[in-house]
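One structure below.
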Amino acid sequence: MPRHLPGLLLLLWPLLLLPPPPAAPSPMARPGLRRLGTRGPGGSPGRRPALGAPASVPYSGTGQPGGVRGAGVCKSRPLDLVFIIDSSRSVRPLEFTKVKTFVSKIIDTLDIGPADTRVAVVNYASTVKIEFHLQTHSDKQSLKRAVARITPLSTGTMSGLAIQTAMDEAFTVETGARGPSSNIPKVAIIVTDGRPQDQVNEVAERARASGIELYAVGVDRADMESLKMMASEPLDEHVFYVETYGVIEKLSSRFQETFCAIDKCARNTHGCEHICVNDRTGSYHCECYEGYTLNEDEKTCSAQDQCALGTHGCQHICVNDRAGSHHCECYEGYTLNEDKKTCSVLNQCALGSHDCQHICVYDGSASYHCDCDTGYTLNEDKKTCSAIEEARRLISTEDACACEATLAFQDKVNSYLQRLNSKLDDILEKLQANEYGQVHR
């Protein structure tokens with residue numbers, strides 16, 4: 001400290017070092033209004049724990065570009081998101097720049113793309129202008145450049161007309177919104193600092209009934225009752241107020257939490273018996289290991305009979321195992337290859353499984369044939385052998401027997417013929433004698 005300070009300053013110096021008293025609460029900070037929240041997974045971005053409560057889902061987002069979402073448990077889910085921003089005369093140029101920065105910071109926390117989040121901006125005062133549609137920009141940089149080019153309209157505050165325009169022109173399939181079958185949430189964030197100059201109650205109700213989730217962000221002179229009329233239920237999760245545009249940027253991290261999709265697979269609360277797979281809508285589904293099929297409860301798995309289904313890939317034989325799997329085997333004379341599916345021919349002659357009495361000859365294919373030693377011949381069974389001399393003797397014996405049988409048969413026929421001729425001679429003599437007697441009467 002300088003030595004020549006006046007004495008009064010020396011006395012007051014300790015008081016100057018005391019911390020300032022706490023700021024008085026804003027008259028607009030009414031009890032029961034939370035800053036932001038989320039609703040559960042069925043089409044709206046998922047519930048955030050109450051402020052001050054320990055979070056069950058880790059979250060480390062910073063609201064800055066590249067902010068990390070906790071340990072793979074939380075990530076941006078796809079949305080059709082429309083910003084409705086008040087640029088009436090009460091919003092000064094520097095304050096309007098703060099609003100654009102707020103919009104850009106939220107864009108930084110989202111996954112932007114045709115299959116991810118799509119963004120549109122509706123600018124309003126006494127008139128309404130759609131700055132760009134949901135299908136116009138498909139990457140963050142072009143989106144942020146388009147936001148930076150927005151200029152204020154400067155007169156009036158027609159909030160109802162702005163919501164109606166967003167519903168009729170921004171949230172349409174023709175301009176880039178995805179249809180009901182996609183299950184992509186439709187979300188609108190309206191930012192205003194004044195009281196609407198038209199009716200907002202009925203138009204906001206129609207927007208909510210059409211499936212649009214409305215968040216209302218009020219700044220400075222914003223009318224709290226109007227914010228409540230515009231926002232979706234529950235109000236303590238969809239209405240937010242800040243005193244100045246200077247702190248509105250801080251809300252971007254809160255919206256990052258709001259649009260966080262809970263990774264139920266990572267939390268291990270899915271109930272899948274085998275495999276949990278995250279869906280893009282923030283939900284999940286169960287799948288089974290190879291060789292299993294998903295049961296009707298869509299969580300447990302049963303073993304498949306892949307052999308019966310014909311999906312086994314075995315070249316020869318498929319054998320079911322108890323564990324819902326299978327293994328391959330080969331026909332006799334083959335061996336299983338290293339791929340455990342195809343088979344190669346075995347040399348049965350070398351294995352000694354051929355049944356040949358004398359010699360086994362390997363054909364180099366799936367079979368073999370038998371041969372006999374010198375002096376032997378292969379029998380009709382194609383396996384056993386007989387000596388050649390013995391075979392000849394058998395043939396000779398059979399031939400001799402055949403000749404004797406033939407001679408015996410011939411002798412028997414000749415005997416029958418002789419007796420028949422004798423009988424015919426007797427009959428002929430009797431006929432002649434009878435004919436002679438009749439002539440001489």
Tell me, which helices (runs of 4 or more DSSP H) lie completely within region 244-362 with 2 or more residues that are among the aliphatic types (A, V, I, L, M) and within 29 Å of the chain's Cα centre (by Cα)? 306-309
Options LEU214, LEU143: the member that is within 17 Å of SER104 (Cα to Cα), under 35 Å from the mean Cα position of the chain (by Cα) and not charged (D, E, K, R): LEU143
Are any of the residues in region 133-143 in a strand (DSSP E or B), closer than 22 Å to LYS98 by Cβ and open to solvent by 20 Å² or more (accessible area, probe 1.4 Å)? no
Residue count, region 100-132, condition touching a residue at least 24 places away in the same chain (Cβ under 8 Å), open to solvent by less than 60 Å² (accessible area, probe 1.4 Å), more than 19 Å from GLU257 (Cα to Cα) and not in a loop (DSSP other than H, G, I, E, B), comes to 8
If we keep just the residues of region 186-211 that are open to solvent by 10 Å² or more (accessible area, probe 1.4 Å) and in contact with a Lys or Arg (Cβ under 7 Å, 6 or more places away or on another chain), which is modelled with the highest pLDDT? GLY211
Take region 144-185 and flag every residue that is of a type in the set (Val, Ile, Thr), out of contact with any Ser or Thr (no Cβ under 9 Å at 6 or more places or on another chain) and either in contact (Cβ under 8 Å) with a residue 12 or more places away in the chain or open to solvent by 60 Å² or more (accessible area, probe 1.4 Å) (or both). ILE163, THR165, VAL173
Keeping to region 212-238, report how many residues are part of a helix (DSSP H, G or I) and crowded, with 24+ Cβ neighbours inside 10 Å. 3
ALA303 - would you say it is exposed (fewer than 15 other Cβ atoms within 10 Å of the Cβ) and either among the hydrophobic types (A, V, I, L, M, F, W, C) or modelled with pLDDT of 90 or more (or both)? no
ALA405: in contact with a Ser or Thr (Cβ under 7 Å, 6 or more places away or on another chain), modelled with pLDDT under 75, open to solvent by less than 80 Å² (accessible area, probe 1.4 Å) and not in a strand (DSSP E or B), yes or no? no
Of residues in region 322-337 being within 15 Å of HIS312 (Cα to Cα) and among the small types (Gly, Ala, Ser), the one least open to solvent (accessible area, probe 1.4 Å): GLY324
Taking region 338-352 on its own, how many of its residues are open to solvent by 50 Å² or more (accessible area, probe 1.4 Å) and among the small types (Gly, Ala, Ser)? 2
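The values are calculated or read from the model by the stated rules, or taken from the named source; none is laboratory data. Source: prediction; values computed, not measured. Glycine also receives a Cβ, built like all others from the backbone with ideal geometry; neighbour counts cover every protein chain displayed. With ligands, DNA and RNA removed, areas are computed over all heavy atoms of the protein, side chains included. Shrake-Rupley method; radii C 1.70, N 1.55, O 1.52, S 1.80 Å.
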